[in-house]
1. Taking the criterion of being hydrophobic (A, V, I, L, M, F, W, C), surrounded by fewer than 17 Cβ atoms within 10 Å (Cβ to Cβ) and at pLDDT below 95, would at least one residue in the range 231-239 satisfy it?
2. Out of all the residues in the range 184-215, which are under 17 Å from Asn106 (Cβ atoms) and either among the β-branched types (Val, Ile, Thr) or in contact with a strand residue (DSSP E or B) (Cβ under 7 Å, 6 or more places away or on another chain) (or both)?
3. For the range 17-28, check the following and say yes or no: at least one residue is in contact with a Gly (Cβ under 7 Å, 6 or more places away or on another chain) and surrounded by 23 or more Cβ atoms within 10 Å (Cβ to Cβ).
4. Taking the criterion of being at pLDDT 95 or above, exposed (fewer than 14 other Cβ atoms within 10 Å of the Cβ) and over 27 Å from Gly142 (Cβ atoms), would at least one residue in the range 94-105 satisfy it?
5. What pairs can you find where one residue is in the range 213-231 and within 15 Å of His123 (Cα to Cα) and in contact (Cβ under 8 Å) with a residue 60 or more places away in the chain, the other is acidic (Asp, Glu) and in a helix (DSSP H, G or I), and their Cβ atoms are less than 9 Å apart, with a gap of 6+ or different chains?
6. State which residue pairs qualify: first residue within 28 Å of Ala21 (Cβ to Cβ) and of a type in the set (D, E, K, R) and inside the range 32-60, second residue outside any loop (DSSP other than H, G, I, E, B) and open to solvent by 70 Å² or more (accessible area, probe 1.4 Å) in any location, beta carbons under 9 Å apart, and separation of 6 or more residues or different chains.
7. Say we look at the range 193-210 and pick out the residues that are free of Cβ contacts under 8 Å to residues at least 40 places away in the same chain and open to solvent by less than 80 Å² (accessible area, probe 1.4 Å); which of these is nearest to Lys307 (Cα to Cα)?
8. Quick check on my filter: what residues within the range 153-192 are hydroxyl-bearing (Ser, Thr, Tyr), open to solvent by 50 Å² or more (accessible area, probe 1.4 Å) and either over 23 Å from Cys221 (Cα atoms) or touching a Lys or Arg at 6+ places or on another chain (Cβ under 7 Å) (or both)?
Amino acid sequence: MRLVFAGTPEVAVPALDALLASDRHEVVAVVTRPDAPAGRGRRMVASPVAERAEEAGIEVLKPNRPRDEDFLARLREIAPDCCPVVAYGALLPKAALDIPVHGWVNLHFSLLPAWRGAAPVQHAVLAGDEVTGASTFRIEEGLDSGPVFGVLTEQVRPTDTSGDLLTRLAFAGSGLLAATMDGIEDGTLEAVPQPAEGVSLAPKISVEDARVDWSAPALRCDRVVRGCAPAPGAWTVFRGERLKVMSLALTADRTGLAPGELVVGKNSVHTGTGSHAVELLWVQPQGKKPMKAADWARGVRIAPGEKLGDGAAA
């Protein structure tokens with residue numbers, strides 16, 4: 001089949017690579033989000049998918065909006081048989097959906113109908129799911145509601161961050177997407193409507209969602225830290241300034257600490273939660289680089305009874 005691949009971030013690159021390597025299909029163009037400012041200099045940078053496509057010598061389309069008429073006209077000229085999608089980042093209008101013969105097929109990182117939306121992996125970690133996965137489905141105008149072609153499952157490990165899990169799903173899912181293209185092309189794959197039961201939503205994680213509530217049980221604090229890593233990053237407040245909490249360890253060797261209360265050992269820092277204490281491993285003070293929590297604690301000289309989470313961030 002003639003394919004036009006749509007995707008933007010690094011997590012979409014393995015799927016593009018898998019399709020480029022296929023001897024059954026030809027990726028004739030890529031659709032991605034426009035260049036965006038990045039880094040300290042805020043210079044305009046092409047998306048990882050655009051960079052990979054340019055390396056491969058493929059035409060790159062960067063519409064400001066997928067409903068732009070010049071983009072739709074070019075897509076009609078290309079006349080793709082199917083448009084595989086991974087984390088493109090913009091809603092596709094019906095005018096675009098109707099162009100390819102076999103529609104647009106999305107690789108979504110959940111077991112649909114669970115976790116429809118922008119942040120399925122983060123929500124799976126936040127909810128404490130033990131198993132998640134990826135699904136390929138035909139895009140329709142509803143939110144991740146189209147019929148499903150195929151699925152794979154992936155174990156959520158106790159120490160997984162969202163970044164860890166998403167990386168594994170990106171590589172495993174690339175094979176699923178390539179196999180889905182094969183099945184569509186040879187007519188052996190039928191899309192099955194999603195069940196009406198079991199729908200859950202996974203909206204984008206906000207900065208406020210990533211604030212650690214130390215009065216919650218230790219398990220919940222751990223899930224927030226892991227679920228929000230690497231982005232947007234879990235955080236708390238210390239002495240009126242934001243402190244990013246990059247990793248912690250569940251431990252039962254400290255008791256009797258109030259939620260957020262800090263106690264510093266020779267090479268460790270513990271803080272209380274709504275259940276039992278956790279050990280802070282890595283933190284990032286405002287305006288500084290990540291550091292071991294023990295080094296941070298020595299530098300700020302924590303007084304007895306000081307707490308995380310008190311007050312508003314500066």
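The values are calculated or read from the model by the stated rules, or taken from the named source; none is laboratory data. Worth saying up front: this structure is predicted, and the values here are computed from it rather than measured. Neighbour counts run over all protein chains shown; Cβ positions are idealised from the backbone, glycine included. Areas reflect the complete protein model, heavy atoms only, side chains present, ligands, DNA and RNA absent. Shrake-Rupley method; radii C 1.70, N 1.55, O 1.52, S 1.80 Å.
1. First pass over the range 231-239, keeping only residues hydrophobic (A, V, I, L, M, F, W, C): 231, 234-235, 237-238.
Filter once more, so that each one left must be surrounded by fewer than 17 Cβ atoms within 10 Å (Cβ to Cβ): 231.
Pick out the ones that are also at pLDDT below 95 and you get 231.
Yes, the conditions are met somewhere in the range 231-239.
2. Scanning the range 184-215 gives Ile184, Leu189, Ala191, Val192, Gln194, Val199, Leu201, Ala202.
3. no
4. No - not one qualifying residue is present in the range 94-105.
5. Arg226/Asp164; Ala229/Asp164
6. Taking only residues 6 or more apart or on different chains, the pairs are Asp35/Met44; Glu59/Arg74.
7. That would be Ala210.
8. Thr153, Thr188 - these are the residues of the range 153-192 that are hydroxyl-bearing (Ser, Thr, Tyr), open to solvent by 50 Å² or more (accessible area, probe 1.4 Å) and either over 23 Å from Cys221 (Cα atoms) or touching a Lys or Arg at 6+ places or on another chain (Cβ under 7 Å) (or both).
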